[in-house]
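Please read the structure below before turning to the comments.
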Amino acid sequence: MHKQHSNRSPKPFSTPRRSRLTVSMEKAGAYGGKRWLPRLLLLAALTWLLMVYFHLAMFRTPPVSAPHASLVAVPSDGDDGQRFRLRQEQQLERISSASAAASALPERGRGDDASCRGRYVYIHDLPRRFNAEILENCAHWYPWHNMCGYLENGGLGEPVDNADGVFGDEGWYATDHFGLDIIFHRRVQQYDCLTDDSSRAAAVFVPFYAGFDIVQHLWGVNSTAAEKDALSLDLVDWLTRRPEWRAMGGRDHFFLSGRTAYDHQRRPESDSEWGNKLLHLPAVQNMTVLFVEKLAWTKFDFAIPYPTYFHPGKDAQILEWQQRMRGMKRQWLFSFAGGARNDPYSIRHHLIRQCGASSFCKLVQCRKNERNCLIPSNFMRVFQGTRFCLQPTGDTMTRRSAFDAIMAGCVPVFFHPDSAHTQYRWHLPEAHDAYSVLIPEDDVRAGNVSIEETLRAIPPEVAERMTETVIGLIPRLVYADPRSRLETLRDAVDVTLEAIIARVNKMREEMGAGREHLLQKQNDDAGSQQRS
């Protein structure tokens, strides 16, 4: 868990405390007489133009294009340097074209029938045992730690310690990386187009805290298979008796677990494996299920971003943070924040060795019993001063750190497609090399690749454009403060709801056209692949 402590160690780079606009206004105020008014008017005009520019920029969806070759292409001994440079320039032009072709997001609805038609969401009023009563047990979820503090402020946790000025003045919290159950629920409750009439709903939300439910049984004394599965079975029984379920057999229903899908895929015939069997329940396979990391072989579950420390309550907080990240001095080419693993197959010790041996890399090594990576400002400061952030697999294929890096404007470097590219399809561009680098982990493990040489081979203009793409992704990857409302920008929950509604509408059309058997075949195929 992340605890906040004041950190007054020397900064590897200077954090800008005042914007250039602020300094300019101070200088303008020093002039007297008749000259101050024209200058002030000019500054006001420039400010307005900048806000309009960034406001329009944030409405753009990420660039979408067909998959293509990686930007990381180190020239071989026999490769002609001029041809290599030409290939890189062509890739840069393709990314630029994809960005220019991206369509603008529609304006946020006003909550009236005209703007909400086809977008309404109905929220089930579940009995308290499925959510509120689980929260009441927060002090006992883990035998070694009281989690109740992480439920403060609508599930965001306590405000971070910003003594070093690494974060913004507002909107930053010590959020648990598995804490989405309550955050997502509270955000859906402020969705623009809610309805009390399920017959008008495009989708039905089930506010079951599946992640919090399973975590209270993973390490506690109540860890029998029957107790792990009890609430999931209870939920299915409750849902399938409801008239809302009968409309589409649950295919318009969706719910979330703030943990990975691996915590919910225990085989039905096993009583000793990790987690519960939630994902094996036929009724659940009819729904859309959300996790921070999905299974690779199933079609009914989807990955959404890990929560970071940034939860803006206003558009201006996002725009100001993006502008600040654009102005950061990135003095390190690449960095790695993390610890080694006992697993001999892990590539982490290779990354630690290569980073430690390079004068272009900043290493934040998280050794056992050390607190380096428990203090968010320690690694967020490094990410803000780095061009590329190494993101190997964690305990599972994905890491929350990848999204922390993006919040800092640092281009993530992945070593396996399942760490992001095959996971977050609703929130990240299809043109993966527009915002990230992929270095195959087999090459790292075999010692066939130098990470430093690979990243230095990327032309500066390509790296800068990748950084800008990453910063542009920030709005759609944050979970806005559920106690307030963004005016125009759309956060991760907005993007998720739009994707779910589109998915349900497609299934509704297929059912109306008599192709319901295709939906059942999809689930059967997924189950067969899982068992093979």
Among the residues of the range 240-266, what is the count of those that are open to solvent by 10 Å² or more (accessible area, probe 1.4 Å) and hydrophobic (A, V, I, L, M, F, W, C)? 3
Return the pair list, or none, for Cβ contacts closer than 6 Å from residues in the range 209-238 that are of a type in the set (Gly, Ala, Ser) to residues that are surrounded by fewer than 17 Cβ atoms within 10 Å (Cβ to Cβ) and not in a helix (DSSP H, G or I), at least 6 apart or on different chains. ALA225/ASP271
For the subset of the range 365-380 comprising residues that are farther than 19 Å from PRO307 by Cα and out of contact with any Cys (no Cβ under 6 Å at 6 or more places or on another chain), which member is least open to solvent (accessible area, probe 1.4 Å)? GLN365
Sole miss for GLU468 among (1) under 30 Å from SER358 (Cα atoms); (2) over 18 Å from the mean Cα position of the chain (by Cα) is condition (2)
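Within 27 Å of SER377 (Cα to Cα), among the small types (Gly, Ala, Ser), in contact with a helix residue (DSSP H, G or I) (Cβ under 6 Å, 6 or more places away or on another chain) and open to solvent by 10 Å² or more (accessible area, probe 1.4 Å) - does that describe any residue in the range 161-170? Outline the logic, then answer.
Just the residues of the range 161-170 that are within 27 Å of SER377 (Cα to Cα), to begin with: 161-170.
Still in the list and also among the small types (Gly, Ala, Ser): 163, 165, 168.
If we keep only those that are in contact with a helix residue (DSSP H, G or I) (Cβ under 6 Å, 6 or more places away or on another chain) as well, we get 168.
Filter again for open to solvent by 10 Å² or more (accessible area, probe 1.4 Å), leaving 168.
Yes, the range 161-170 contains at least one residue that is within 27 Å of SER377 (Cα to Cα), among the small types (Gly, Ala, Ser), in contact with a helix residue (DSSP H, G or I) (Cβ under 6 Å, 6 or more places away or on another chain) and open to solvent by 10 Å² or more (accessible area, probe 1.4 Å).
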When the range 385-396 is examined, which residues are found to be of a type in the set (A, V, I, L, M, F, W, C) and without any contact (Cβ under 8 Å) to a residue 40 or more places away in the chain? none
Mind checking which residues of the range 254-288 are touching a residue at least 60 places away in the same chain (Cβ under 8 Å) and touching a strand residue (DSSP E or B) at 6+ places or on another chain (Cβ under 6 Å)? PHE254, LEU256, SER257, THR260, MET287, THR288
Among the residues of the range 500-520, the number that are aliphatic (A, V, I, L, M), at pLDDT 85 or above and either open to solvent by 70 Å² or more (accessible area, probe 1.4 Å) or more than 14 Å from VAL188 (Cα to Cα) (or both) is 4
Which of the residues belonging to the range 216-239 are over 27 Å from the mean Cα position of the chain (by Cα), among the polar types (S, T, N, Q) and surrounded by 14 or more Cβ atoms within 10 Å (Cβ to Cβ)? none
Let me spell it out: the conditions are (1) over 25 Å from GLY179 (Cβ atoms); (2) among the charged types (D, E, K, R); (3) open to solvent by less than 70 Å² (accessible area, probe 1.4 Å), and ASP213 meets all of them except one. Which number is the exception? (1)
Single unsatisfied condition, VAL206 versus (1) β-branched (Val, Ile, Thr); (2) open to solvent by less than 40 Å² (accessible area, probe 1.4 Å); (3) more than 21 Å from GLU244 (Cβ to Cβ): (3)
Residues that are over 13 Å from GLU170 (Cβ atoms) and open to solvent by less than 10 Å² (accessible area, probe 1.4 Å), drawn from the range 304-336: ILE304, PRO305, TYR306, PRO307, THR308, GLN322, MET325, PHE334, SER335, PHE336
Kindly indicate whether any position in the range 275-295 is within 18 Å of the chain's Cα centre (by Cα) and open to solvent by 10 Å² or more (accessible area, probe 1.4 Å). yes
Out of the residues in the range 466-492 that are open to solvent by 10 Å² or more (accessible area, probe 1.4 Å) and among the acidic types (Asp, Glu), state the one that is modelled with the lowest pLDDT. GLU487
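Would it be correct to say that LYS362 is open to solvent by 80 Å² or more (accessible area, probe 1.4 Å) and over 19 Å from GLU441 (Cα atoms)? Spell out the reasoning first.
Working: open to solvent by 80 Å² or more (accessible area, probe 1.4 Å): no; over 19 Å from GLU441 (Cα atoms): yes.
No.
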Which number in (1) buried (at least 19 other Cβ atoms within 10 Å of the Cβ); (2) farther than 16 Å from THR469 by Cβ; (3) of a type in the set (Phe, Trp, Tyr) marks the one condition that TYR345 misses? (1)
Hey, among PHE383, PHE388, which residue is closer than 21 Å to ARG445 by Cα and crowded, with 23+ Cβ neighbours inside 10 Å? PHE388
What number of residues in the range 421-451 are open to solvent by less than 10 Å² (accessible area, probe 1.4 Å) and under 17 Å from PHE336 (Cα atoms)? 5
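The values are calculated or read from the model by the stated rules, or taken from the named source; none is laboratory data. Here the structure is a predicted model, which is why all the values come from computation and not from measurement. A quick note on method: Cβ atoms are made from the backbone with ideal geometry, for glycine too, and the neighbour counts reach across all protein chains shown. The area values use the complete protein model at the heavy-atom level, side chains included, leaving out ligands, DNA and RNA. Shrake-Rupley method; radii C 1.70, N 1.55, O 1.52, S 1.80 Å.
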